[in-house]
Amino acid sequence: SPLGVFTVQGDYYDGKSEHGGFVGPFELAPIRVSGANVLARWSRQLANGSDIRVQTYFDHTERDDPLFYRPTADIFDIELQHGTPIAAHRLIWGANYRPASDDVQPGQFFTRFIPASRTLDYVSVFAQGELQLTKSLQLTTGMRFERNDYTGWEYLPSARLAWKVTENSLLWGAVSRAVRAPSRLDRDVFFPAN
């Protein structure tokens, strides 16, 4: 289509665990979880063989765990990606922004998130080159820079070599650096609560 392809999808869920009984004076009451999300994506093939994609995502979750904690979280995500052919090769670049906010109220147990409410921002920019070295050999190299509120900027290089041995066989190897960004559970939870 000249205007591109537009996709929207979403989910909703709601559930409750069984009663867990008692451990001494502590009641293992049912845990309730609920949430909803929606994803919207627009993509378009451009006249010069390049393509563009914009994707947004929103997710809302709630968990009511009377014993440990009661979090409510909202995550919004937007990403732009552009790909363009260069002779027999392809260059892809883009950017992503994701704010995540939550409010975590304590349960009856001795766990507390400090601060109880927080918004974290995640930003990334990336570029990837797909190089067709021969008819059966492709090299893909890329670099992503990600920023989070806990550790700052991280660099994530990657390289992959793929060899199409036969019509039905592909042999490939990859090297990359991955970093797991800390979460609120890693940095902001305290036990005991004080």
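The values are calculated or read from the model by the stated rules, or taken from the named source; none is laboratory data. Computed from a predicted structure; not experimentally measured. Note that we place each Cβ from the backbone using ideal geometry, even for glycine, and neighbour counts take in every protein chain shown. Please note that ligands, DNA and RNA were not included when accessible areas were found on the heavy atoms of the full protein model with its side chains. Shrake-Rupley method; radii C 1.70, N 1.55, O 1.52, S 1.80 Å.
Considering (1) in a strand (DSSP E or B); (2) at pLDDT below 90, the lone condition that Ile92 does not fulfil carries the number (2). Restricting attention to the range 151-194, the residues being farther than 22 Å from Ala100 by Cα and assigned to a loop (DSSP other than H, G, I, E, B) number 7. If you go through the range 52-70 one residue at a time, do you hit one that is part of a strand (DSSP E or B), among the β-branched types (Val, Ile, Thr), within 30 Å of Phe190 (Cα to Cα) and at pLDDT 95 or above? Yes, there is a match, as at least one residue in the range 52-70 is part of a strand (DSSP E or B), among the β-branched types (Val, Ile, Thr), within 30 Å of Phe190 (Cα to Cα) and at pLDDT 95 or above. The set of residues from the range 91-108 being within 17 Å of the chain's Cα centre (by Cα), within 18 Å of Met143 (Cα to Cα) and open to solvent by 50 Å² or more (accessible area, probe 1.4 Å) comprises just one member, Tyr97. Taking the range 66-90 as the range and being within 28 Å of Asn48 (Cβ to Cβ), open to solvent by 50 Å² or more (accessible area, probe 1.4 Å) and touching a residue at least 12 places away in the same chain (Cβ under 8 Å) as the test, the residues that pass are Ile78, Leu80, Pro85, Ala88, His89, Arg90.
The residue list Leu120, Leu156 contains one member that is within 19 Å of Ala95 (Cβ to Cβ) and touching a residue at least 60 places away in the same chain (Cβ under 8 Å), which is Leu120.
Taking every residue in the range 166-183 that is under 16 Å from Leu133 (Cβ atoms) and without any contact (Cβ under 8 Å) to a residue 12 or more places away in the chain and pairing it with any residue that is surrounded by 10 or more Cβ atoms within 10 Å (Cβ to Cβ) and of a type in the set (Gly, Ala, Ser), at least 6 positions away or on another chain, the pairs with Cβ-Cβ distances below 8 Å are Leu170/Ala162; Leu171/Ala162. Starting from the range 28-55, keep only residues that are among the polar types (S, T, N, Q), then list their pairs with residues that are assigned to a loop (DSSP other than H, G, I, E, B) whose Cβ atoms are within a distance under 7 Å, requiring at least 6 positions of separation or different chains. Sorted first by the residue in the range 28-55, then by its partner, the pairs are Ser43/Gly4. One residue stands out in the range 1-18 among those that are modelled with pLDDT under 95 and open to solvent by 90 Å² or more (accessible area, probe 1.4 Å): the one that is nearest to Arg98 (Cα to Cα), namely Leu3. Residue count for the range 31-50, restricted to those that are surrounded by 16 or more Cβ atoms within 10 Å (Cβ to Cβ), in contact with a Lys or Arg (Cβ under 8 Å, 6 or more places away or on another chain) and part of a strand (DSSP E or B): 1.
Taking the conditions (1) open to solvent by less than 60 Å² (accessible area, probe 1.4 Å); (2) outside any strand (DSSP E or B) in turn, Leu120 satisfies each one other than (2).
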